[in-house]
């Protein structure tokens, strides 16, 4: 038996590797639900406001999207607790070392935003007959605002891990010395802008995709055309802005985390006037590139620093133990950027066609939009992969290595158990939730 | 040091409010099958906790995050030392939240029954596990020079299991009273009658637990040193008896308020007993994690104090408003017309 267990691939993984894997699995699962919540709330609030302003048709529309919002919302909430708990469970050394500064934004998120969101979602679900139309719509505006405010505080916490500010090393730990530095950390705000706009793009594509499915089948054309045009406008505005913020994020990484930028582009040589190699093929083991071709002169210097001659640091300048894993970060980044470009094109076309009122003359395009629904999810997961893996080997950039952050008393056996449990449990919840979403989405608008 | 002591109090209060609030929805969920054997009635029991359970559970998130921010070593040690126990609590909370939200999302009867069973079982498990966890904290953990020296099975000692049962009885009584005032008709009648019986169990368990604590833990020392603290257990007893008297007169709503007022001093009694420790050590008192060796810097605690001073009154304000909004029980027609549950 023991012999057998020893020969299962991965059975020799340590607490660190397993804990990282578990955090990745649970965070990514959580993040399947969060972005739709962040974006769809605004759209439901908008639809219901049109109803409150007197356009009766929007009641059914608001309820249809509201129901999908709720199915998605519940799993986002419950899987969020796991992430909070894991800091203590799997990353005890991290929690002890930086809790003095890292705990505060989490506590503020709960008191300032999470209470608001959770209380008013209850008011919204059960209060249809107890509030005026305007007050009821206001409850959804509050929910939408609160979910986005939640994201701000979480990303300020993550922003601190990316770019620690406002602390001093005292009493054997990092202690907060400036709350304003933490709150106005540009890294956190840029992450917030990029993440939230990406989430709005995702919600826009979700609304377009579901509407397109119904428009292909006809029957409720008017209601779904209205939904579609709102979703398309939202997606276009958000996907354009997300690209702007993406550019800012890249520049930010170049200045503050040069190793991350080098991994994103798989750049090995430090050079001024750095070109951008459109075709780059990194080696599998992260020690250089097989191929760099189709170079655009000055391209990378321009992208990273908005200057033709700026120096871009290459991975060769970092000792190998200070480099992030190159291949996944590189592939993740290129996938995200490619998809982001696609989203702009698709949503621009969607806005154009829905304005002309000729959407249904292009069934192929509608079908493409149905199949495009998962793509923003993929783009967001890739974005997080770049952010978090690109920060490695650091838990807190330049301050604490991930290897030093893991709990010392937790055994690999315990994490195997929890990782297995989470995987099975989450997979079944995910299947059920997806089935419910699909069922409600297909049902169409009632009344 | 003033801040650290203040935060011990706030920490205790946050956990207390969490239990006083989530206690009723945990209890109402795990007693739903007892008071409403028929599916239609049971739906209304679950609808009665529907608007509140999520907002109640945020008190747990806040209590957890406040532990992290104000006492990082406590957060880190407790959660990593008791890893399997925390995992079980986490699973039961996730199952419960998913079940409460999924149960009404499909019309099939077996679907609803499955998720209601899941909600009841996971609510019971959560109540029991919280009791066992706090029982172990009140009793003192096996903290040695090298950290936690106990085992997972060691957490299931008789004293902590007694605490687990007491938590369940407390939340059962609290939840039954909630059902009694929020689900008119047969469920209210049955819940009222059951609450009357559950009260005696609760009283008996409270007496046993108090005696057990006196005999086998260090909880009594603080009360003997500072006699005024005895007011807390006295308040608990008084509110418990007042609740029963009100229930006997058919005033379920008032009885619920009294049980709310009983839960508060119950938990505060426990926290007053372990002060200045948040995690007392059973092996050597000096190894316990206390306000003196485990708090965040005064600067951070100052920021946190401002945070709760500004936001918590607002939170309490809109949560009270929500309770007024749903003061009148939700009717069947209303739920159907809303179409969301």
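Side notes on the structure shown:
- Note: relative contact order over chain A, using C-alpha pairs below 8 Å and six or more positions apart, is 20 percent.
- Peptide ranges B:34-47, B:116-129 listed from the most packed, as the mean C-beta count within 10 angstrom indicates: B:116-129, B:34-47
- Most mobile listed residue (B:19, B:260, B:114) in chain B, GNM with C-alpha springs under 10 Å: B:114
- The simple Förster model, with R0 at 41 Å and r as the Cβ-Cβ distance, assigns residue A:438 and residue B:200 a FRET efficiency of 0.25.
- Global form of chain A, assessed from the alpha-carbon gyration tensor, a/c cut-off 1.5: prolate
- Relative contact order for region B:99-164: 31 percent, from Cα pairs under 8 Å spaced at least 6 residues apart, divided by residue count.
- Distance between the pseudo-spin-label points of residue B:222 and residue A:327 (7 Å out from Cα toward the beta carbon): 5.6 nm.
- Partner chain coverage, peptide A:76-84 - average Cβ within 10 angstrom: 5
- With the highest mean first, a sort of the peptides B:297-304, A:368-375, B:265-272 on other beta-carbon atoms found within 10 angstrom per residue produces B:265-272, B:297-304, A:368-375.
- Other protein chain Cβ atoms within 10 Å, averaged over every residue that makes up A:409-419: 3
- For the protein assembly as shown: rounded, prolate or oblate by the Cα gyration tensor [a/c cutoff 1.5]: oblate
- With neighbour counts taken as other beta-carbon atoms within 10 Å, the residues B:259, A:229, A:347 rank, fewest first, as A:229, A:347, B:259.
- Among A:94, A:426, B:200, B:318, a tally of other beta-carbon atoms within 10 Å of each Cβ gives an order, fewest to most, of B:200, B:318, A:426, A:94.
- Structural descriptor for region A:42-158: relative contact order 34 percent, calculated from alpha carbon pairs under 8 angstrom and at least 6 residues apart.
- Packing-based exposure ordering (other Cβ within 10 Å, fewest first) of B:314, A:143: B:314, A:143
- By definition, a body whose alpha carbon gyration tensor gives a ≥ b ≥ c is prolate when a/c is 1.5 or more and a/b is larger than b/c, and chain B fits this prolate description.
- Between residue B:153 and residue B:211, the modelled label-to-label distance comes to 2.9 nm, taking each label 7 Å out from Cα in the direction of the beta carbon.
- Protection proxy ranking for A:45-54, A:290-299, A:182-191, using the average of other Cβ atoms within 10 Å per residue and placing the highest first: A:182-191, A:45-54, A:290-299.
Values quoted throughout were computed directly from the atomic coordinates according to the rules given, and no laboratory measurement underlies them. Just so it is clear, the structure is predicted and the values come from calculations on it, not from any experiment. As a convention, Cβ positions derive from the backbone with ideal geometry for all residues, glycine included, and neighbour counts pool all protein chains shown.
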